[in-house]
Each structure stands twice: as structure tokens, then as C-alpha cells.
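Okay, so here's the structure we're looking at.
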Amino acid sequence: MGYLIAGNWKMNGSIAFAREITAALKAKAAHAPKATVALCPPAPLLAEVAAALKGTPIVLGAQDCHFAEKGAHTGDVSATLLKEIGCRYAIVGHSERRADHGETDALVQRKAAAALRAGLTPIICVGETDAERERGETGAVIARQMRGSVPETATVATCVIAYEPVWAIGTGKTATIADIEPVHAQIQALFAEAGRASAGLAILYGGSVKGSNAAAILACRGVSGALVGGASLDAEDFWRIVTACP
Ligand code: 13P
């Protein structure tokens, strides 16, 4: 099973930045990376990045999508349009969207289902907050999010899960092997719970992944890639993560 390294730019970047970093990454990607590499820029930069990545093995992802195919949803973007513009992936249920926009598991599930219908691979995010972790609720939170956010139609071939402990996002605090491996195993078991095959399910880890810690994280059992925030804004550091894939 191949590794996936996805860069989530979040609400960062500009046209000039997109041009600069895609040029740098294009040069690096000329040496056929072992992993699948995806960039998830803000929606207005998708077309720019898609054009810049043409002819490279680097693929495109969106940071969100709407659950409907089209209609009166001001400010939202449909999975169908994201597919048309060249996306392969759509992140759904990122903890920042759950927090900033009150996205519930039920809504995330509908978004993931829409992505699947459009032929996109949803990257469905789950993860506990610091307070939940302190209260020993990590397992319960992951179970609730997995059961509520993964659509029935998802299969190992069509969907990716990302474990992003909220306390490790943008904080510089990285989870240890002891934090990561049990949750990844639990995610795989929960995926199988609905009667689905779960062998080979892609489960990314996200939360302060950078060049210096990528090798240790990517070597964890059950980790098949990384969802990278801050470090994906630096071509050198991002590529260090790509080349750290075992
Ligand atoms: P950081 O890598 O900046 O911690 O962000 C992780 C993340 O949220 C990726 O989706």
C-alpha cells in the first residue's frame, strides 16, 4: 500500500505563493516520489495550482465540500465542481471546520458521501481535543466520530481517514507512538464494524508533522501517510516529509 502525504494549506497562501511553491515542488517531484503527494490549497487557488501541477505526479485536493451537488448554498463549493477542476481528494470534517463552523458528524458524513458520489476521495478527519484526552475520552470520541462521520458507501478503496488529535495541531506538540498506534488500530476496527473490509484502509496522521519528526511518525504501525498543515507551506520541509516515507 502506498503512502499519501497531503499538504493542507488551510487559509494561507496567495497567487504568488502558489506559483513559487508549486515550481519548487515540481522540481523535487521530477525524482519520482514513492508516496502520493497532494496539495490542498484554499478554493480560489485550486485552478492556479491545478494548472501548475499539470504533468507532475502531484495531485490536488480541496479543504472542504458541500453535501449538495448544486443549488442555493451561498459561499459553498460542490464536490462535483471540485472534481471538474481537477481535485482527487476533499478533506471533510477537519477539526477547524468542526470548531469554526459547528460541523457535526452527521454533516461531515453527508459531505463525505457527496465527495464519493462526485468521484472524489474524501479524507475524513477525526481527533480528540486536549480536554477530552485529559478526561480519558479519546477512544469514545474517535468511536463517535467514526460511527457518525463515515458514510455507508465508503470503502477502503474510496476513502481515507485522518487521525488528527486537536491538541497536536499547530501546537508543535506531536503525538508519540503510544498515542498514535492504538488510535489507528481502533480506527481500522471501527471502519470494519459496519461490515466493511478494512484491510489496507489508508489512515493518515496529522498534527505538527514536520521534516524532523516525519520518519518516526510514518514508521508507526497503521500509519499510511500524513496530513500536514504548517510544514506544507515550506517546500523544503514538506518534501523532507515526502522522502521520509518508508
Ligand atoms: P499542523 O501540521 O500545522 O499541526 O496542522 C495539522 C493539520 O491540521 C492538517 O490538516
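Nothing in this text is a laboratory measurement; each read-out follows from the coordinates by a stated rule. Just so it is clear, the model here is predicted, and its values are computed rather than measured. FYI the Cβ positions are ideal-geometry reconstructions off the backbone, even for glycines, and counts take in every protein chain you see.
Here are the numbers for the structure shown:
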{"quantity": "Distance between the range 142-214 and the range 1-61 - C-alpha centres, whole angstrom", "calculated": "22"}
{"quantity": "Order of GLU193, GLU48 - criterion: other Cβ atoms within 10 Å of each residue's Cβ, fewest first", "calculated": "GLU193, GLU48"}
{"quantity": "Tail weight of P(r) past 25 Å, computed on alpha-carbon pairs of the range 112-229, percent", "calculated": "18"}
{"quantity": "Cβ-based net charge around GLN63, under 14 Å, with every Lys or Arg adding one and every Asp or Glu removing one", "calculated": "-1"}
{"quantity": "Calculated FRET value between SER14 and ASP130, using beta carbons and R₀ = 41 Å, to 0.05", "calculated": "0.80"}
{"quantity": "Computed magnitude of the charge dipole of the chain (debye, nearest 20; Cβ of K, R +1, Cβ of D, E -1)", "calculated": "620"}
{"quantity": "Per-selection Kirkwood Rh - the range 53-125 (Cα, Å, 1 d.p.)", "calculated": "12.3"}
{"quantity": "CD proxy at 222 nm, helix term only [per DSSP H run n ≥ 4: -39500 (n - 2.57); per residue of the chain; nearest 500]", "calculated": "-12000 deg cm²/dmol"}
{"quantity": "Highest to lowest packing among 23-32, 181-190, scored as the average C-beta count within 10 Å", "calculated": "181-190, 23-32"}
{"quantity": "Per principal axis, descending, Cα span of the chain in whole Å", "calculated": "45, 44, 32"}
{"quantity": "Farthest positive-ward along the range 1-78 dipole, Cα basis, beta-carbon charges - from SER78, ALA6, HIS66", "calculated": "ALA6"}
{"quantity": "Potential extension, THR176-HIS31 segment - 0.36 nm per residue separation minus Cα distance", "calculated": "49.1 nm"}
